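J.: Quick one: the structure is below, and I'll ask about it shortly.
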Number of protein chains: 2
Amino acid sequence: MRVLVIGAAGMVGRKLVQRLAREGQINDQTITQLTLYDVVAPEAHREAPFEVESLSGDFAAEGEAERLIENKPEIIFHLAAIVSGEAEVEFDKGYRINLTGTWRLLEAIRGADYRPRLVFTSSIAVFGAPFPTEIPDDFHHTPLTSYGVQKSCGELLLMDYTRKGIVDGIGIRLPTISVRPGKPNKAASGFFSGIIREPLAGVEAVCPVDPSVRHWFASPRAAVGFLLHAAALDGEQAGPRRNLTMPGVSETVGGMVEALRRVAGDQVADRVRWEPDPFIESIVAGWPTTFEAKRARELGFKAESSFEEIIRIHIEDELGGKIS
Amino acid sequence: MRVLVIGAAGMVGRKLVQRLAREGQINDQTITQLTLYDVVAPEAHREAPFEVESLSGDFAAEGEAERLIENKPEIIFHLAAIVSGEAEVEFDKGYRINLTGTWRLLEAIRGADYRPRLVFTSSIAVFGAPFPTEIPDDFHHTPLTSYGVQKSCGELLLMDYTRKGIVDGIGIRLPTISVRPGKPNKAASGFFSGIIREPLAGVEAVCPVDPSVRHWFASPRAAVGFLLHAAALDGEQAGPRRNLTMPGVSETVGGMVEALRRVAGDQVADRVRWEPDPFIESIVAGWPTTFEAKRARELGFKAESSFEEIIRIHIEDELGGKIS
């Protein structure tokens, strides 16, 4: 089976590729060839038990998607995106990659006359405030960011191209991924990782929102699990509503830091400084807090059950089990 | 005030233009110039109390939207669309006009550096079955037709371009308009008018669905009222959720024919023949039946209160008060 990962150089993409290389299969089907693609050529993972090709390019350029699916990969993971903060500032760039790019990928598949499984990473940013206490699966999509609008349009196209038999799509609305390893990215949600990651690494971190701010999380490990589960999911079972809100952990920023205190002690938790930033606060105020995620759970998607568990996964996966 | 009507040759467009010509103003602002646009040049209404320009062209062509807004119309009615049945068969054409065209219009406005009121006619086709008994305003958008997907993407773009201060948009999700005068169009919903219009004109009509099929309706007169109310609406009052489900009348096909019987007698009502068509039935099965439409009613949008009233309006507006 041939697999294509678009956006393979990103954090979730890299972790997905690591896991594919380790397991060598998806849903008991042996991977024979893996194509990695990003704006910069992703690391090629020479230790993988299958052929790995690494490509770079401009995802939204005309003809690019056609090039990517030339060998008709049976499974395509589409993770490429301009993240929320950047899409908010770079209006054209966000629309070009997140909407035009996704549409062109679907059109390329239509032209290629085969029907791959396409796993599309959408986001809970397709929802916009005001929200009910727990957001049901049938809550409307009124995004308050350009990123959320672009993802929501991508979902709609995925659904229609699936209904028309052009592609076999599954859209997964990822919770905010925390704790992200490495450097902060341009996402407005970056601090949701920083306030855990930096203190654990012995560094001070700024929290730009009030401790009472609640949000919806899953670990990078859970995100990779969602992607693999979506790749293997029975499309008939998913039905025509192909975009699913992933399960996650609902926690306040204050609760996150208290979980950090329980896991790593006062010295670590006290490295968080509280410095409200009105620009970040205004963006985050439009974000959802708690989801029901009933359909996705019923379809077998699994997330962590507490933020403490999320922190322990970070320590295990990124810090070799050790705290500075 | 300058006004532009895109899609002015369609049924609702023509009725809107008639009313603008009659009233000469919108919301107490005198209309000084009206531009009509469609794929074929609309009738120019020489009796109007303002200058009328009639243009034709390909709405989705590059540069076309820029041409249309060259004189910076303060109010733009965007009614142009490939209707549901045609968009379902003509995949490229539907996406090109309904999505690319709408997006290009928004981009042209962005480039023109002014902020008009844009009234966008969306549709209840943005919703897809299964539905609750009464669909609330915050029900999710899972359209089951390409037309519904295209309208839903248009709504999302309208919302984002409004949020960014590029345009001052109001999207109105029209109920199925009944009774449409004139010839049937390619919409799968055509019979919802035909089973009233043809019998009233002394002609037999075929109903391709079961009498129990329920749907959501407003008259052409109400549709024009929605458009004018949307043009005058205070954007601040509408808030960031700029797409509104219009009020309407929920009625079954059987109930429609019974209303016809009450208004026009057995001889007229018996002109309806019941001949189920599986293709039409499968499309209509995914359509919504009853909406709450709470926000739109609160914002002052008004529809009829019964299907009988809708029939009487048709007789008044189209048949000079007389029944064949």
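The values are calculated or read from the model by the stated rules, or taken from the named source; none is laboratory data. Note that the coordinates shown come from a computational prediction; the quantities given were computed from them, not determined experimentally. Please note: Cβ atoms are built from the backbone with ideal geometry, for glycine as well, and neighbour counts cover all protein chains shown.
J.: Could you identify the single residue in A:Glu292, A:Glu316, A:Glu275, A:Glu304 that is of a type outside the set (Val, Ile, Thr), at pLDDT 95 or above and more than 23 Å from A:Pro181 (Cα to Cα)?
T.: A:Glu292
J.: Regarding B:Ala60, is this residue of a type in the set (Gly, Ala, Ser), closer than 23 Å to B:Ala223 by Cβ and at pLDDT 95 or above?
T.: Values: of a type in the set (Gly, Ala, Ser): yes; closer than 23 Å to B:Ala223 by Cβ: no; at pLDDT 95 or above: yes.
Considered against the rule, which asks whether it is of a type in the set (Gly, Ala, Ser), closer than 23 Å to B:Ala223 by Cβ and at pLDDT 95 or above, B:Ala60 comes out as no.
J.: Of the conditions (1) touching a residue at least 12 places away in the same chain (Cβ under 8 Å); (2) more than 8 Å from every other protein chain (Cβ to nearest Cβ); (3) not small (Gly, Ala, Ser), B:Pro130 clears all except one; give me its number.
T.: Failing condition for B:Pro130: (1).
J.: Now, a different point. Just to be sure before I move on: is A:Val249 buried (at least 23 other Cβ atoms within 10 Å of the Cβ), out of contact with any Gly (no Cβ under 7 Å at 6 or more places or on another chain) and of a type in the set (Val, Ile, Thr) in the structure I sent?
T.: Here the answer is yes, as A:Val249 does meet what is asked.
J.: Turning to a different aspect of this structure: The conditions are (1) under 19 Å from the mean Cα position of the chain (by Cα); (2) within 14 Å of chain B (Cβ to nearest Cβ), and A:His78 fails exactly one of them. Which is it?
T.: Condition (2) is where A:His78 drops out.
J.: Give segment B:113-132 a look and list any residue that's among the small types (Gly, Ala, Ser) and surrounded by fewer than 18 Cβ atoms within 10 Å (Cβ to Cβ), or say none.
T.: Listed by number, the list holds a single entry, B:Ala129.
J.: Sticking with this structure for a sec: Determine if segment A:112-119 includes at least one residue that is of a type in the set (Ser, Thr, Tyr), more than 10 Å from chain B (Cβ to nearest Cβ), on the phi < 0 side of the Ramachandran plot and touching a helix residue (DSSP H, G or I) at 6+ places or on another chain (Cβ under 7 Å).
T.: No, every residue in segment A:112-119 fails to be of a type in the set (Ser, Thr, Tyr), more than 10 Å from chain B (Cβ to nearest Cβ), on the phi < 0 side of the Ramachandran plot and touching a helix residue (DSSP H, G or I) at 6+ places or on another chain (Cβ under 7 Å).
J.: Could we say that B:Ala125 is in a helix (DSSP H, G or I), modelled with pLDDT under 95 and among the hydrophobic types (A, V, I, L, M, F, W, C) here?
T.: So B:Ala125 passes the test.
J.: Now for a different question. With more than 16 Å from A:Val83 (Cα to Cα), touching a residue at least 12 places away in the same chain (Cβ under 8 Å) and buried (at least 24 other Cβ atoms within 10 Å of the Cβ) as the only criterion, which of A:Gly171, A:Gly194 stands out?
T.: A:Gly171
J.: Please tell me if B:Val268 is assigned to a helix (DSSP H, G or I), in contact with a Lys or Arg (Cβ under 9 Å, 6 or more places away or on another chain) and either touching a residue at least 40 places away in the same chain (Cβ under 8 Å) or among the aromatic types (Phe, Trp, Tyr) (or both).
T.: Here the answer is yes, as B:Val268 does meet what is asked.
J.: Sticking with this one: Name every residue in segment A:175-232 that is β-branched (Val, Ile, Thr) and touching a His at 6+ places or on another chain (Cβ under 8 Å), in order of residue number.
T.: A:Thr176, A:Val179, A:Ile196
J.: So for segment A:177-186 (the condition being touching a strand residue (DSSP E or B) at 6+ places or on another chain (Cβ under 9 Å) and surrounded by fewer than 22 Cβ atoms within 10 Å (Cβ to Cβ)), does at least one residue qualify?
T.: No, because not a single residue in segment A:177-186 is touching a strand residue (DSSP E or B) at 6+ places or on another chain (Cβ under 9 Å) and surrounded by fewer than 22 Cβ atoms within 10 Å (Cβ to Cβ).
J.: While we're on this one: I need the full set of residues from segment B:103-140 which are among the β-branched types (Val, Ile, Thr) and either touching a Cys at 6+ places or on another chain (Cβ under 8 Å) or over 18 Å from B:Ile82 (Cβ atoms) (or both), in order please.
T.: Hits for segment B:103-140 are B:Ile109, B:Val119, B:Thr133, B:Ile135.
J.: Of the numbered conditions (1) assigned to a loop (DSSP other than H, G, I, E, B); (2) without any contact (Cβ under 8 Å) to a residue 12 or more places away in the chain; (3) aromatic (Phe, Trp, Tyr), A:Trp287 satisfies every one except a single condition; which is it?
T.: Just one mismatch for A:Trp287, condition (2).
J.: Filter segment A:133-146 down to the residues that are within 20 Å of A:Val89 (Cβ to Cβ) and surrounded by fewer than 24 Cβ atoms within 10 Å (Cβ to Cβ), then identify the one that is farthest from the other protein chains (Cβ to nearest Cβ).
T.: A:Thr145
J.: Now for a different question. Which of the helices (runs of 4 or more DSSP H) found entirely inside segment B:147-261 contain at least 3 residues meeting this: more than 14 Å from chain A (Cβ to nearest Cβ), farther than 28 Å from A:Ala129 by Cα and modelled with pLDDT of 95 or more?
T.: B:191-200, B:220-232
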